[in-house]
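First up is the structure itself, then whatever we jot down about it.
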Amino acid sequence: MSLILALDQGTHASRALVVDRTGRILAQGVRAIGMAHPHPDWAEQDGEEVVASIFDAVAQAVAKIGARKSEISCAGLASQRANAVCWDRTTGRPLSPIFSWQDRRAHVWISALEPVHGDTVHRKTGLYLSPHYGASKLRWALDHLPAVRAAREAGTLAWGPMASFLVFRLLKERPLLAEPQCAARTQLWNLQTRDWDPALLQLFGLPAGFLPQSVPTCHAWGTLDTEAISVPLTAVNGDQSAAVFAFGWPEENCAYVNIGTSAFVQRALTRAPGHVPRQLTGIILANGATTVYMVEGNVNGAGTALAWLQDALGIAEVTAQLPAWLERAAPPPLFLNGIAGLGGPFWKADFASRFEGEGEPWQKSVAVVESIAFLLQANIDHMAKFVPAARRIRVSGGVSRLDGLCRRLASVSGLPVHRREDPEASARGIAYLAAGRPEGWNTAPQEEVFAPSPDEALRERYRRWLALMQEASGVRVV
């Protein structure tokens, strides 16, 4: 039975996992990476550090598999979707930091485009104008980084999704390629033409000719070439998109919720959804024969909100104390959660988060967790106007390990919440795609089901919270 090498490049670490054709993880390696915040709203990572971390993680995983490394037949790469970077196409040297999806340095500049161009951009790209996506940061790099301008003049500039940079640096052939999901997160890629859009380049003031070539998700990308192993790379996808495939082919009546640093609600469809107001649309799989579309709502303030909470309230290791706090009966205040910018379905890059009501530190902590469930539910409610109603929710990601969060999501949605013990959803999903969608994928693990309970007090808090959020954001979503 051949094995698959799955690479998962995340916000805090790069991981490499060796997986068999049932989805079972046989070995893994991990290397932490840093994040710099040199100014407010800036979030940067070092390109050389990220590349080195992947090579290190691969070496660890392959060493653990020992003699069976010869059975590894292919590899897949899952990458942070909205990260963007500039590099030299002759040397591979980064010409800019990797701009994290969390980076909002251009939010003032891009907000000026919204009144005239916001609807056009959304209809073309499936995305709302946002400083979290790559286009405004590539423009910033062109305006402020001499190395980027010099490479443009010399004709050696390459820029675009971080995934394309990683493919260029990890593969022997040094290809300049981009798949649909990460390409779209630059906000320069047209969903209808499935290619870069000249009018969008012009809107952002970016010269043509420096972006990677558009190719399908599953493609002959080239040869992953490391000291430890040399195998073909057969699939590249965004991390959240790959997670949808962690348990095999996605169910169209299921809402997929991944809750990590940020959180996402995704509905997978095999028909084009068309224009969906106040939600994101895109392609999570293209293999030349089949296309899987998605409608997505995002929550920026998930794990980032818990980190903010720890700093704001001065509570050490808040996540360790949350399970017990979430079991307490006293009602919490409400938290209007716009940490890292307010995402769907409200879409306000500059939103002042605040508590509504008083409470002890533990009650405020519970309020922040409830706000994550409420933001997810606001997206589910709005999405239901445009796609068939979901019958269940599947959750994954580190923050989903909070039972109290899952119970609240089940009760406020009225849907069962299914959770499997799978912190490696992105890696397992990209392995499934890289291996060509094997039968019987990841079917053995047991799953917990949180049944909805008739918690009218929680639902009333959700109604009050939603009214306050609509008032504070100036956006009516129901």
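Stretched out straight at 0.36 nm per residue, the stretch from A220 to A36 would grow longer than its current Cα-Cα span by 62.8 nm. Sites listed here are trypsin sites (Lys or Arg not before Pro) in the stretch 409-478 whose DSSP assignment is loop and whose Cβ has at most 15 other Cβ atoms within 10 Å: R476. Counting every pair of alpha carbons in the stretch 1-134, the share spaced more than 17 Å apart comes to 66 percent.
Taken over the alpha carbons of the stretch 97-190 as equal point scatterers, the Debye sum produces base-10 log I(q)/I(0) values at 0.13, 0.14, 0.23, 0.24 Å⁻¹ of -0.48, -0.56, -1.26, -1.31.
Quick one: with all protein chains in place, what share of the accessible area of the chain is carbon or sulfur, to the nearest percent (1.4 Å probe)? That share works out to 51 percent. Residues in the chain average 37 Å² of solvent-accessible surface per residue, probe 1.4 Å, ligands and nucleic acids excluded.
Normalised radius of gyration (Cα atoms, divided by 2.2 N^0.38 Å) for the stretch 325-383: 1.17. Positive-end ranking of A147, V215, H132 along the dipole of the stretch 125-252, with charges on Cβ about the Cα centre, is headed by A147. Applying the criteria of a DSSP loop state and at most 12 other Cβ atoms within 10 Å to the GluC sites (Glu not before Pro) of the stretch 418-478 yields E421, E439. Taken as Cα centroids, the stretch 270-343 and the stretch 1-74 sit 24 Å apart, rounded to the nearest whole angstrom.
When the Kirkwood radius is taken over all Cα pairs of the chain, what Stokes-Einstein diffusion coefficient follows at 10 °C and 1.306 mPa s, in µm²/s?
Here the translational diffusion coefficient equals 71 µm²/s.
Take every Cα-Cα pair in the stretch 146-223 and report what % of them are more than 18 Å apart. Tail of P(r) above 18 Å: 42 percent of Cα pairs. Among the DSSP helices (H) of the chain, those spanning at least 27 angstrom by Cα along their long axis with an average Kyte-Doolittle hydropathy of -0.5 or more are 47-65, 361-383; this is a geometric and hydropathy rule only. Take every Cα pair under 8 Å whose residues are at least 6 apart in sequence, average their separation, divide by the length of the stretch 177-275, and the relative contact order is 20 percent. Extension gain for the segment A307 to A63, taken as residue separation times 0.36 nm less the Cα-Cα distance, is 84.4 nm to one decimal. The label-point distance for E48 and E439, in a model that sets each label 7 Å from Cα toward Cβ, rounds to 5.0 nm.
With no solvent and one point on each alpha carbon, what is the Debye value of log10 I(q)/I(0) for the stretch 340-478 at q = 0.12 Å⁻¹? Log10 of I(q)/I(0), two decimals: -0.59.
The values are calculated or read from the model by the stated rules, or taken from the named source; none is laboratory data. None of the values given here were measured: they were computed from a predicted structure. Cβ: placed from backbone, ideal geometry, glycine included. Neighbour counts: every protein chain shown. Accessible surface is based on the protein model in full, side chains and every heavy atom, while ligands, DNA and RNA are left aside. Shrake-Rupley method; radii C 1.70, N 1.55, O 1.52, S 1.80 Å.
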